[in-house]
1. Note down the net charge around A:ILE18, summing +1 for each Lys or Arg and -1 for each Asp or Glu among other residues with Cβ under 15 Å from its Cβ.
2. Which percent of Cα-Cα pairs in the protein assembly as shown sits in each 20 Å bin, short to long?
3. How much length, in nm to one decimal, is gained on full extension between A:HIS113 and A:ALA193, taken as 0.36 nm per residue of separation minus their Cα-Cα distance?
4. Under the rule of at least 5 residues apart or a separate chain, name every residue whose amide H is placed under 5 Å from the amide H of A:LEU66.
5. Starting at the first residue of segment A:34-49, write each ³J(HN,Hα) from the Karplus equation 6.51 cos²θ - 1.76 cosθ + 1.60 with θ = phi - 60°, in whole Hz, x for Gly and Pro.
6. Which whole-Hz ³J(HN,Hα) couplings does segment A:14-25 yield from phi under the Karplus relation 6.51 cos²θ - 1.76 cosθ + 1.60, θ = phi - 60°, glycine and proline marked x?
7. Counting only protein heavy atoms and using a 1.4 Å probe, what share of the accessible area of segment A:19-235 belongs to carbon plus sulfur, as a whole percent?
8. Pick from A:LYS147, A:LYS30, A:LYS233: which is most flexible by mean-square fluctuation in a GNM of chain A where alpha carbon atoms under 10 Å apart are linked?
Amino acid sequence: MVELTEWELEKFKRQIQIPGFGEEAQRKLKASSALVTRVGGLGGPTAMWLAAAGIRRLVLAHGGTLTPSNLNRQILMRGDGVGKPRAPQADETLRRFNPDLELKAYGEDAKPHNVAELVGQVDLVCDCSPDFGERLLLNAECWRQGKPMVEAGMNGMEAHLTTILPPHTPCLQCTVPEVPDWWDPLGFGVLGAVPGTLGALTALEAIKVLTGFGEILAGTLLVFDGEDMTFSKFAISKRPDCPVCG
Amino acid sequence: MVKVKLFANLREAANGQRVVECAVEEPVSTTELLRKLADQYGEKAQKLLFDKGGGVWQSIVIMRNGEMVRDREAKTIGPGDEIAVLLPVAGG
């Protein structure tokens, strides 16, 4: 077990103070790593809260360049960064906030050629992609490597969160065995505070999985409805004929 | 009568209603319930819930009183039940 320095004990004293969290959970975080793909409106806040909590190492994966319409939610980016690649901007923001963080930022999304390497170097994956193909790819790889995946997605004012724990829980393919033909990655609105809320919840869930603190959403789908401010929890089940986990 | 909570694009198809009521006098299957919803809210709801072959999209998740209903044909939904119809979401 790693030890906490005087600086770390001071920096994290307010969370160490939480009953049941303590120095033990903080030491576990210091020994932990996570992949966040991607780092836009959802993954950006996820990465930031993990960095703030004292995780040892983050791996980011996000391709493409910043556009003006990203700036209502992608809070790791810079206002003067439009037209520039996103991964280095996220890297810079996180390093400035937490210089102690070990960080590796890939300038591309998770794809078949890199997914094994991305997942293989971390303890846990936070799936924050806006694309079902990428999500299902990460799901299958996490299942293959036996890595937990915190699965977060949103649409308009609604957000979903669950934790996939191979081999115990349903996997993403159990609930999304096919992608409907009407689904459009840009076919819904986004108010930045909604993926921001979900990002904070995703980080909280990841911290709990990594430290063993509290109850996690294994086999449970949390649905946040930002329109009427309700949180609902639903029990989800495995698909008996699932090609990934069945 | 059953209360049905709608999410995402389905809420939009139902004129922005978060919760709707469906007339159910005796137990129905989830497919039958979704057919009623599609009849109630028209073509947009029909397209969101049913594929071109007339089957319910497999990625539509139906919750009955907080539990996922896997069997689409069993008559598991009765008067007084609370149903949630969840569409797949992938926004980041």
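1. Numbers: positive: A:LYS11, A:LYS13, A:ARG14, A:ARG27, A:LYS28, A:LYS208; negative: A:GLU23, A:GLU24, A:GLU215.
Summing Lys and Arg as +1 and Asp and Glu as -1 gives +3.
2. 31, 55, 14, 0
3. Full extension from A:HIS113 to A:ALA193 adds 25.5 nm.
4. Here the answer is A:GLY83, A:LYS84, A:ARG86, since their amide H atoms fall under 5 Å of that of A:LEU66.
5. Couplings: 9, 9, 10, 10, 9, 10, x, x, 9, x, x, x, 4, 4, 4, 6 Hz.
6. Going residue by residue, I get 6, 8, 4, 5, 5, x, x, 8, x, 5, 5, 5 Hz, with x marking Gly and Pro.
7. Numbers: 4560 of 8060 Å².
Of all accessible area on segment A:19-235, carbon and sulfur atoms account for 57 percent.
8. Highest fluctuation of the listed residues: A:LYS233.
The values are calculated or read from the model by the stated rules, or taken from the named source; none is laboratory data. As the structure is a prediction and not an experimental result, all values here were calculated from the model. FYI the Cβ positions are ideal-geometry reconstructions off the backbone, even for glycines, and counts take in every protein chain you see. Accessible surface areas use protein heavy atoms only, side chains included; no ligands, DNA or RNA. Shrake-Rupley method; radii C 1.70, N 1.55, O 1.52, S 1.80 Å.
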